[in-house]
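Please treat every number below as a calculation from the coordinates, not as lab data. Note that the coordinates shown come from a computational prediction; the quantities given were computed from them, not determined experimentally. Here Cβ is always computed from backbone atoms with ideal geometry, including for glycine, and neighbour counts include all displayed protein chains.
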Amino acid sequence: MAILPSLQKNLNGEVHEWYRIILGYPDRLVAELLTRFEALPGQLVLDPFCGAGTTLVECMKMGIDSIGIDANPSSCFSARVKTNWRLNPDRLLELVDEIESKLPRYVNRKVAHKSDPTYKYLDESGMLLRKWISRRPLKKTISLKHCIAGLRTTSAYRSALTLALVAEVIDGASNVKFGPELYCGPAKKDAKVFGGFKSRVEAMAKDLSVVSKLEFGKATVVQGDSRRHGTFSRICKRNGISAVICSPPYPTEHDYTRNSRLELAFLEEVLDLESLRSIKKMMIRSTTKGIYVGDDEESLVKDNAIIKSVVAALEPKIRTKSHGFAKLYPKVVREYFGGMKRHFKSIKPFLAADARCAYVVGDQSSYLQVHIPTATILSQIAEQVGFETVEIKHWRNRWSTTTSREVHENILILKKASS
């Protein structure tokens, strides 16, 4: 399979804008890495931390099959929708017209939205009180959610419409902002929810009319824990992965479930503390909000000299801090790299002999301004389980609001070591 030459020049960003994660990486970087790795149709590319599916979408555009894994169900949902290019764009637009005619009867139900699981969670968790979203826009979005659910169509079309709704909730109807951490901006009294939703579906239909003409690759999306061998054995053949392109979490205080909490609530994936906890437990331990009793992957990196030096620099600083989370910083650092070491060990049997792996990661200094050279440490622990480091390539500098300084983002290129 190959991309049609006449269409390639038009593919600048189609599908990616349906839904984006604030901490995700750009599609152009994935395209460059696929070119560097000489990835071709007939091969299989893996993204074990796939987020909203940037790697998968770029692979599809190049006619390459791919697999995406993520612990966050809202990321998996968006990635699945964004990699389904068999939807009829005209049918999507017909459904929007149908929604427009039916929506008023849902909106006019005075209190029906208050019995909705999403409303109940936002209310009981205090997110509604803290103004993550105002009451009038929330009523409109839940009414639209119910209207979509009531359509006589397939689940694939309902999912596409739901993704457009979720994207509009985040970027249009809610009060949340990102910098890059989530915070609440000025409360909106109202929002033009349907208008924003309709524009998003129209953009989807336009993109589908372009990409559906390609001989596109197949993408498979799985929710799972990328530290575990069993996650890969369910969906990958031994020696079957030709390339890995991903951006795993960094060891910092980015709580990925907080940044996607509204999405998780609207998808009814998080409705209480236990459902939230079950998602977090499948994630790499990159934040103090995700440390649990019984975590012991730190034992896998107990002898790493750089990790020891980071912890040694942290320990005297945390003695002066009164808040409990600071005391967990050394634990997070050790658990993060221990989890990544388990990931490297788990993924290795499924890589082809000549496979190349790209891990886009950032150095960090957010823990009391102690520098963590993420790519360097990951290189060391990957080599311990059978990888060779090809290169640590500086990609860009990013401004850290926590430390008020630039930090390096790097691409760690690995290959499977020769037996």
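Numerical summary
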{"read-out": "Taking segment 287-419 and dividing mean pair separation by its residue count, relative contact order in percent (alpha carbons under 8 Å, at least six apart)", "value": "25"}
{"read-out": "Tilt relative to the chain, helix 89-107 - C-alpha long axis, 0 to 90 degrees, to 10", "value": "70"}
{"read-out": "Calculated FRET value between Arg28 and Ser275, using beta carbons and R₀ = 30 Å, to 0.05", "value": "0.25"}
{"read-out": "Peptides ranked, highest mean first, by Cβ atoms within 10 Å: ranges 67-75, 24-32, 152-160", "value": "67-75, 24-32, 152-160"}
{"read-out": "Cβ-defined net charge surrounding Leu351, 14 Å radius [Lys, Arg +1; Asp, Glu -1]", "value": "+4"}
{"read-out": "Net charge over other residues, Cβ less than 10 angstrom from the Cβ of Ile284 (K, R count +1; D, E count -1)", "value": "0"}
{"read-out": "³J(HN,Hα), Karplus 6.51/-1.76/1.60, whole Hz, each residue of segment 382-392, x for Gly, Pro", "value": "5, 5, 5, 10, x, 10, 10, 7, 7, 5, 10"}
{"read-out": "Most fluctuating residue given options Cys147, Cys236, Cys184, as computed from a GNM of the chain linking Cα atoms under 10 Å", "value": "Cys184"}
{"read-out": "DSSP-loop chymotrypsin sites (Phe, Trp or Tyr not before Pro) across segment 218-298, with at most 12 other Cβ within 10 angstrom", "value": "Tyr292"}
{"read-out": "Efficiency of FRET between Asp90 and Ser365 - r from beta-carbon atoms, R0 60 angstrom, step 0.05", "value": "0.70"}
{"read-out": "Computed [θ] at 222 nm, helices only, for the chain once each DSSP H run of length n ≥ 4 contributes -39500 (n - 2.57)", "value": "-12500 deg cm²/dmol"}
{"read-out": "In degrees, nearest ten, helix 305-318 long axis to first principal axis of the chain (Cα)", "value": "70"}
{"read-out": "On Cα atoms only, tilt of 135-149 relative to the major axis of the chain in degrees", "value": "80"}
{"read-out": "Selection from Asn410, Ala352, Asn397 lying farthest towards where the dipole of segment 287-419 points positive, charges on Cβ", "value": "Asn397"}
{"read-out": "Max mean-square fluctuation residue, GNM over the chain, Cα-Cα springs under 10 Å, options Leu273, Leu182, Leu351", "value": "Leu273"}
{"read-out": "Nearest-20 debye value, the chain charge dipole, Cβ charges on Lys, Arg, Asp, Glu", "value": "980"}
{"read-out": "For segment 237-251, 3J(HN,Hα) per residue [Karplus equation, 6.51 cos²θ - 1.76 cosθ + 1.60, θ = phi - 60°, Hz, x = Gly/Pro]", "value": "8, 4, 6, x, 8, 8, 7, 10, 9, 7, 9, x, x, 9, x"}
{"read-out": "Cα→Cβ-extended label distance, 7 Å offset, between Lys120 and Phe325, nm", "value": "2.9"}
{"read-out": "Positive-end residue, segment 287-419 charge dipole about Cα centroid, Cβ charges, pick of Ala305, Thr320, Gly362", "value": "Thr320"}
{"read-out": "Cross-link table Lys82/Lys206; Lys140/Lys206; Lys102/Lys198; Lys140/Lys188; Lys302/Lys393; Lys82/Lys341, entries beyond 21 Å C-alpha to C-alpha", "value": "Lys140/Lys206; Lys302/Lys393; Lys82/Lys341"}
{"read-out": "Amide H contacts under 5 Å for Arg396, placed H, 5+ residues apart", "value": "Glu409"}
{"read-out": "Net +/- balance of residues flanking Ser247 in space, Cβ distance below 10 Å, scoring K and R +1, D and E -1", "value": "-2"}
